[in-house]
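Student: I have a structure I would like to understand better, so I am pasting it below and will then ask my questions one at a time.
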Amino acid sequence: MKKLTNILLLASSLFLAAPTTASTFTVSSTDIKQGEFMSKAHEFTGFGCEGGDKSPQLSWRGAPEGTEAFAIMAYDPDAPTGSGWWHWQVVNIDNDINSINTGAGNADSKEVALKGSQTISNDYGAVAFGGACPPKGHGVHRYQFTVHALSKKLELPANASGALTGYMVNANTLAKSTIEALYERK
């Protein structure tokens, strides 16, 4: 009984000592909503898909003290690859930025908020946002748009892989917040 009590005390002290800033860091969007289907504007153009290929508008607030930069990661865990699908990874967004416009991730974008950041090649092979394009008849896919508050700007090679980028982002995240939108091609 004493051993169980000690374990419970240790667990509760760890819980109470955990940073609470993560719960105050939030992301929102005027284009996509949690648990709802995205519009065709956010579908890829290519691979049999004929959407607008626009990255969604995103805003975030409540970054914890010590945030030096932000990263945006867009990921489909349901892609039939064995490793999901990276639709967008952009790191080193200045810490005074708290929103991006619709289409900011497109290759031809002139988005001021992303000046000085680094975009990683997505799984389509482009250094830009790539929209949803699940295989027809594969069912509903989840698209996770996560904003990370980073403890420092990351030093990544120009040809960094999605896995390396994800590792470095997660290793330096102070807080993160996700909107998970849906998409399906019947």
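The values are calculated or read from the model by the stated rules, or taken from the named source; none is laboratory data. Note that the structure is predicted; figures quoted are calculated from it, not measured. So basically every Cβ, Gly included, is an ideal-geometry build from the backbone, and we count neighbours across all protein chains shown.
Student: Go through (1) surrounded by 18 or more Cβ atoms within 10 Å (Cβ to Cβ); (2) among the hydroxyl-bearing types (Ser, Thr, Tyr); (3) within 26 Å of Phe37 (Cβ to Cβ) for Ser121 and report which single condition fails.
Tutor: (3)
Student: Regarding Pro64, is this residue surrounded by fewer than 20 Cβ atoms within 10 Å (Cβ to Cβ), at pLDDT 95 or above, more than 20 Å from Ala158 (Cβ to Cβ) and more than 15 Å from the chain's Cα centre (by Cα)?
Tutor: Yes; evaluated as a whole, the condition is true for this residue.
Student: Output the number of the condition that Gly116 fails; it satisfies all remaining conditions of (1) out of contact with any helix residue (DSSP H, G or I) (no Cβ under 6 Å at 6 or more places or on another chain); (2) at pLDDT 95 or above.
Tutor: Every condition holds for Gly116 apart from (2).
Student: Pairs only if they're at least six apart or on different chains, beta carbon under 7 angstrom, first in region 168-186 and at pLDDT 95 or above, second assigned to a strand (DSSP E or B) and basic (Lys, Arg); list them, first residue then second.
Tutor: Glu180/Arg142; Leu182/Arg142
Student: Right, here's the next one. Evaluate region 84-106: report whether one residue or more is over 16 Å from the mean Cα position of the chain (by Cα) and of a type in the set (Gly, Ala, Ser).
Tutor: No, the conditions are met nowhere in region 84-106.
Student: Kindly check whether there is at least one residue in region 142-159 that is polar (S, T, N, Q), farther than 17 Å from Pro80 by Cα, within 16 Å of the chain's Cα centre (by Cα) and assigned to a strand (DSSP E or B).
Tutor: yes
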